[in-house]
Amino acid sequence: MKPFITSTPIQSLTETFQHNRFYIKREDLIPLSFGGNKARKAYYFLQEMEKQQANCLVTYGSSSSNHCRVIAAVAAAKGYPCLIISPSSQNKPTINQQLVETLNAKLIYTPLSQVRETIQQTIEQLKQDGLKPYFIPGGGHGHNGTQAYVDAYREIKAAEAENDVSFDMIFHASGTGTTQAGLICGNYLFEDSKKIVGISIARDMKNGRPVVLESVNTYLESHSLPPISEAEVIFDDRYRAGGYGKYHEDIIEVIKQVFIHEGIALDPTYTGKAYWGMMQYIKEHQIEHQTILFIHTGSNPLFFDYFQKYGLTRSVRNEDHLYRTARASENGLGSNR
Ligand SMILES: *Cc1c(COP(=O)(O)O)cnc(C)c1O
């Protein structure tokens, strides 16, 4: 496995809601372990790891997260040991979790309150054992993650030039905020004026927006550029459907329609929720005659988790939420990050 990404495809959609034109950037097609934004970020962390000549991967996240699946896959392909510190949770078995186990990552469960210490102890122990561990923050957060989406923005600019199209708005699922931060920095570096709308899939604005802002300004500072203000970050928390991993019938209906009409799989936790949120946003803000890009941030295993259980026809009842965890109620993000 070589660390490189060619540009992911941008395709037009048949959707014409309120006379807008819709396109989708297929990050789900990144050629590594079912792709997604975690795969794009992983390439950057891997490059840094190899520069440091580390030989062992340590990360944090729920065993059912897209992030841990991708990191476990990178480690397995490269032959590095992979240790995942995971908050003890009551997650039901998921495809990501099964994949992580299949890829032989070592899961170290710990109570939420002891995550930090457990990470430190694990790294210390590995060093004592003569290994050179490299730590990747949960969700691929941090400078490498932001850089990954600055470069994704570069791809978007190249696609615009090549296809004589110009996107007015970009929508995507926003979680820890690195994806959004990278896109905002890209917009800034290119002196563009696209509106970048992060549809929060978990955090409320008070907790989510400052994290995006901090990632943006840390990146800008590292490039000796002036900071932006919080008001410039559009992090919309009104379409969370009750919080992380929760969803309702309208989201499932959107997933079904997109699958039928576009042949693209979305999932209830991230992309389906964000797509539905995008439509609500467009309706509520009366957005018309715009050219809109939706970023498919991946998560196809979560599509199958839902599909396997309910298909796309069943209406949703409250007790059906797949990814409810102790942590989800604590800080609104859940351990699946
Ligand atoms: C993690 C994830 C997100 C959120 O990305 P952040 O960079 O953490 O905001 C969105 N979509 C999918 C499918 C994800 O796995």
Go through the stretch 203-296 and name the chymotrypsin sites (Phe, Trp or Tyr not before Pro) that are in a DSSP coil and have 15 or fewer other Cβ atoms within 10 Å of their Cβ. none
Which far-off residues, 5 or more places away or on another chain, put their amide H under 5 Å from the one on residue 23, with H placed in the peptide plane? 13, 292, 293, 294
Multiplying the sequence separation of residue 304 and residue 229 by 0.36 nm and subtracting their Cα-Cα distance, what value in nm do you get? 23.1 nm
Grab the Cα-Cα distance for residue 168 and residue 6, subtract it from 0.36 nm times how many residues apart they are, and report the gain in nm with one decimal. 55.9 nm
Centroid-to-centroid separation of the stretch 220-235 and the stretch 250-275 [C-alpha atoms, Å]: 32
On the formula 1/(1 + (r/R0)^6), with r taken between the Cβ atoms of residue 50 and residue 286 and R0 of 45 Å, the FRET efficiency rounded to 0.05 is 0.35
Per residue, in Å², the accessible surface of the stretch 86-203 once ligands and nucleic acids are set aside, probe 1.4 Å: 44
In Å², rounded to a whole number, the accessible area per residue of the stretch 1-72 with probe 1.4 Å is 39
Considering only protein heavy atoms and a 1.4 Å probe, what is the carbon-and-sulfur percentage of the accessible area of the chain? 49
So how much accessible area does residue 106 have, in Å² to the nearest 10, using a 1.4 Å probe? 120
May I ask you to derive the FRET efficiency for residue 127 and residue 77 from their Cβ-Cβ distance with R0 = 25 Å, giving the value to the nearest 0.05? 0.55
Straight-line reach from residue 309: which lysines have a Cα under 19 Å away, not including same-chain ones fewer than 8 places off? 92, 246, 256, 273
Stretch residue 26-residue 101 to full length: gain in nm at 0.36 nm per residue minus the Cα-Cα span? 24.3 nm
Around residue 240: net Lys/Arg minus Asp/Glu count, Cβ-Cβ under 11 Å: +1
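The values are calculated or read from the model by the stated rules, or taken from the named source; none is laboratory data. If you're wondering where the values come from, they're calculated on a predicted model, not measured in any experiment. Heads up, the Cβs are rebuilt from the backbone with ideal geometry, glycines too, and the neighbour counts pull from every protein chain shown. In case anyone asks, the SASA skips ligands and DNA or RNA and just uses the protein heavy atoms, side chains included. Shrake-Rupley method; radii C 1.70, N 1.55, O 1.52, S 1.80 Å.
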